[in-house]
Amino acid sequence: MKSPRAVRFAFQPLYSLHTGGVVAHEALARPGHGTVPELLTEARREGRLAEVDLGLAIAAVRQDETTLPLHLNLSARTLAAPAAMFDDLLAELGDTGRRTRDVVLEIGPPFAPLPAERALAGMRTLTELGFRLALDGLGRGDLPLNLLVEAPVDLVKLDRTVLRGLPDDPASVAVVEALLHYTNRTDTRLVATGVETDVQLDAVRGLGVRIAQGHLLAPPTAAGPAPALLTRGRAAAGPAPAQCVGDFLRPATTLPETATCDDVRELLAAADAPSGVIGVDELKRPRWSVDRTRFLVAVTGPYGHALHAKRPAARLADTPHTIEARAGAMEFLELVTDADWGRTGDDVVVVDEVGRCVGVVLVTEVVRGVAEAKVEAAAALNPLTRLPGSDTVARDVARRITIGEPFVAAWLDIDSFKTVNDTAGFAAGDDLIRELGGALTSLSGQLRRMRVSHVGGDDFLVVCDVDEIAAVAGALLDHRWTADGLPVTVSLATLVCASGAIRSYQEVSRLLAPLKKRAKAVPGSSWVLSRPGSDRVEVLRGIGTRGLQAAVG
């Protein structure tokens, strides 16, 4: 499922006007020729609108380099597509380590061609798949009010055309205020898009808009050129273990929901007092939460004890912020971003799948953990190629071994690289490694199951499906590599691992080592192949063997 034209993507962040942090980013398609509306119009005329629409969404997932919640654009007409058409998108999300709850599908105009009943049915299907939804283009498109009222969405995106009248046009101010009232009553969020001036930013912040997007805050950033629907970064890097809320879990201090203010005060006045208390019902479901500072200020003030001591603690409590233990850290930060201004530091109650309290998490710990993970991920990238180290391939090999999935592990090496450096210079050598890394990254975009690591120097590791290795070898060995005009050859050693044939990543590494030596002994750019438990080595490429298979050993 792909677009008929070369498309790359730029990604524009959405900012919390509450915390100043990035809460998500939107993938914006950049066709090689023409515009996105022209591309979709052509697809609609050919009867391929849903196919192209979803193909663009898949390409955006492949090109995304971050772990932020991702916003993908869909035409309203695509809501009428059968659920099976979303299978490729779901598979791509799984391959890149994303969950559907971390993806927001922005449904955009035109809405009129699709009956509201079909649109709502399509939205319900997508929410059942786990996606979150947004309505895009409010104020510019033809969104019917009845669809706005009934749509199961989390976000409503206000078009830039409405912002142009802020803050001086009373009608524009009234529209924004009305939409804020609507979103507050329906537990959705309003996003101001196209913020381009400080005046607009001050206006939307002053009116109470929590999330904004626009060139003033950050322009769309290209993910890198892509000759077709290709990728950088995440698909090549492979899914790193995602942090979830459960990783930061602490024991909760709880009391029955009928507890009095005196009961809570006794807990919070102790020297080792917790930062808050959670009131739970008989099924351990959280009913209220108390923040230590706010509560003690209330009960220790003038007449505070007399007014509150024997009264239910719920009168001084807040509705608890809750999140499931399996939720991602970025989803947690989004919850905090959307909290009331005075409660962003409150403990967040973690619940299981049936809503029972299993603990709490502290906002500061999650923020610190996410920041540390980002630093570690950046540090793990090779500075020349921006490819990850061997851990990425090691994780994927371990995963495939665990589920009994056949795969090919490959070791790619530049021949006589020291001679290249000594002859053409280290700068030319660096350029060659960058070029090779870029080629591998592009391949990983075309072959969605392929993972790449740069293990240092001129060595690269690849793991892919068995039916993908021929394409990998062809792309790498058919290319004429040079370093400042000096012809360069490469060697590719591959190990085909059937289900159950290999026990560990360490065994893969041990078996590839002699294969690499055998490949480098073949003149020219070479490719050799073997299998665990076999002494047979097939020389598939090399001078005198191009296009042939010869057994040696």
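Where a number appears in this text, it was derived from the coordinates with a stated rule and is not lab data. Quantities reported herein were computed from a predicted structural model and do not represent experimental measurements. Note that we place each Cβ from the backbone using ideal geometry, even for glycine, and neighbour counts take in every protein chain shown.
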For Met85, Met123, order by how many other beta-carbon atoms lie within 10 Å, fewest first: Met85, Met123
If one puts a single equal scatterer on every Cα of the range 245-368 and applies the Debye formula without solvent, what log₁₀ I(q)/I(0) results at q = 0.10, 0.14, 0.19, 0.20 Å⁻¹? -0.30, -0.57, -1.01, -1.10
Between [x] 27.9, 91; [y] 27.9, 96; [z] 29.2, 98, the structure-derived Rg and Dmax of the Cα atoms in Å is [y]
Counted charge near Ala313, where neighbours are those whose Cβ lies closer than 14 Å (Asp, Glu -1; Lys, Arg +1): 0
Setting aside same-chain residues fewer than 8 positions from Lys520, which aspartates and glutamates have a Cα under 12 Å from its Cα? Asp413, Asp415
Ignoring everything except DSSP H segments at least 4 long, calculate the 222 nm mean residue ellipticity for the chain; use -39,500 (n - 2.57) per segment, divide by total residues, nearest 500. -11000 deg cm²/dmol
Local electrostatic count, Val361, Cβ distance below 11 Å [Lys/Arg +1, Asp/Glu -1]: -3
Less than 9 Å Cβ to Cβ from Val528, Lys/Arg counted +1 and Asp/Glu -1: what total charge do the surrounding residues give? +2
For Lys284, counting only aspartates and glutamates whose alpha-carbon sits under 12 Å away and dropping same-chain residues fewer than eight positions off, the answer is Glu257, Asp352
Semi-axes of the range 1-140 from the Cα gyration tensor (sqrt of 5 times each eigenvalue, largest first, whole Å) come to 22, 18, 16
Over the chain, what is the percentage of antiparallel beta bridges among all DSSP beta bridges, to the nearest 5? 65
Any idea how far apart Arg30 and Phe426 come out in nm if each label point goes 7 Å out from Cα toward Cβ? 3.3
Could you line up Asp262, Asp88, Asp422 from fewest to most neighbouring Cβ atoms inside 10 Å? Asp422, Asp262, Asp88
Once both label points are put 7 Å beyond Cα along the C-beta direction, the Ala298-Glu365 separation in nm becomes 2.5
At 7 Å along Cα-to-Cβ for each site, give me the label-to-label distance between Arg48 and Ala171 in nm. 4.3
Loop-resident sites, the range 28-62, for GluC sites (Glu not before Pro), counting at most 14 other Cβ within 10 Å (DSSP): Glu46
Unit charges at the beta carbon, dipole of the range 245-368: most positive-side option, Gly328, Val367, Val277: Val277
